[in-house]
1. Give, as ranges by residue number, the residues of region 111-151 whose backbone N falls under 15 Å from the point 7 Å along Cα→Cβ of LEU86.
2. Between ALA249 and ASP113, what is the FRET efficiency for a Förster distance of 30 Å, r being their Cβ-Cβ separation, to the nearest 0.05?
3. Distance from the Cα centre of region 115-142 to that of region 37-68, in angstrom?
4. For the pair ALA68/SER206, report the inter-label distance in nm, with labels modelled 7 Å from Cα in the Cβ direction.
5. Of the peptides 172-179, 53-60, 92-99, how do they stack up when ordered by the mean number of other Cβ atoms within 10 Å, highest first?
6. Give me the net charge for the shell around SER111: Cβ to Cβ below 15 angstrom, other residues only, Lys and Arg +1, Asp and Glu -1.
7. Of the residues GLY25, GLY65, GLY299, which exhibits the maximal mean-square fluctuation in a Gaussian network model of the chain defined by a 10 Å Cα contact cut-off?
8. Where is the GNM fluctuation largest for the chain (alpha-carbon springs, 10 angstrom cutoff): VAL118, VAL281, VAL80?
Amino acid sequence: MNTIKELSSSLEQEIKKSSDIFIIGHNGPDFDSIGSAIGLYNMANHYNKKAYIVVDDEDSKLEAGVKAIIDETKDTIKYVKKSDVLEKVNSKSLLLVTDTNKKNMIALGDSLDKFKRVFVIDHHGEDKNTISTEYSYIDLGVSSASEIVARILSYCKVPYDSSISNYLLAGISLDTKRFKINTTDATHDIARRLIRHGANIDYVNSLSLQAFDSYCRISSLIINGTVIMKYSESLIAPIQVSFTINRNAPSTIYAKEDYAKAADQMMKFQGIDASFALGYVEEGIVHISARGTKKVNVGNIMKSVGGGGNPQSAGGRIKTDDIFALEHQLMDNVSLGLADSEELKEEPITVKVKQLKKNKKEK
């Protein structure tokens, strides 16, 4: 907890000395990305700073639940596009990046040099695309960015209402699959605190309700496009991994969340130790959603093809015109995520915090 306290103090200082705050999550925002961004926006407002949340995606491409949150809050929160940011940014602007640490996963990735200070808050592993900054907090052992932000608000004694409690709880619920994975005692403590602040479980669950047409689309994708590969000959506990693609029409474009739901659905079947759902989200861009168990570290596997994430939940956006070649690469690289892999054994669960000591000296 001392590390979170130091993080909170450092972030508080950075916000106070900034002229305005820009907050951005990964492209194709999910509940954790938008929930943690709203929590940080609330913190900036508490210190009377101009703040903006950057969402550069078209409304039609937003997940229904995320769009519902944006629609609910657009009268009180300033949402801006990338072009708006480039017009407003100045030498005292602060950029807060949440729920990702990769420059290739944010709309401002090619404009980071416009900011003198960039602060990263995340819970995913690093790779060659990780943003280089003095101000970085990355904790692979935390459930979600929303959990981190909820802790920050608590330590800084920043008040927040029931709506923000809902959005933060939605982020935690998403990344823990409704508290089934990636949770610690601290995760449950934060959830209880959010509920005491007015979070409504029924509302949070309603955000994830699936439309019938979405259900049919994903079910068809799974039934007609899934193959299962065996990676162990053990009769007692064979390792089986599923790969889901629209094999009849591979160039079909789906929403990012469709692949996430397909990967999640495959993990509900007996005997599946990891699942990969992949397909196009735009021409030439393949999105991959990966889910794993303790037997298969999908974060390591995704890292090998240019993605990233945690051992049990990972993904990425890959430029390619040959989705089946990418699938074969994933199939070949599954060994990097198996329990007997040397690379897997070296995968740390760590917290990385930079620049906090410097901030202490500035006090």
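1. Taking a point 7 Å out along Cα→Cβ of LEU86, the residues of region 111-151 whose backbone N falls under 15 Å are 111-115.
2. Values: r = 41 Å, r/R0 = 1.36.
The computed FRET efficiency comes out at 0.15.
3. Using only Cα atoms, the two centres lie 19 Å from each other.
4. Distance between label points: 0.7 nm.
5. Working: 172-179: 21.0, 53-60: 16.1, 92-99: 25.5.
Taking the mean over residues of other Cβ atoms within 10 Å, the ranking is 92-99, 172-179, 53-60.
6. Values: positive: LYS81, LYS82, LYS88, LYS102, LYS103, LYS114, LYS116, ARG117; negative: ASP56, ASP84, GLU87, ASP110, ASP113.
Result for the local shell: +3.
7. GLY65
8. Among VAL118, VAL281, VAL80, the largest mean-square fluctuation in the Gaussian network model of the chain belongs to VAL80.
Coordinate-derived values only; no laboratory data. For clarity, every value in this text was computed on a predicted model and none was experimentally measured. Here Cβ is always computed from backbone atoms with ideal geometry, including for glycine, and neighbour counts include all displayed protein chains.
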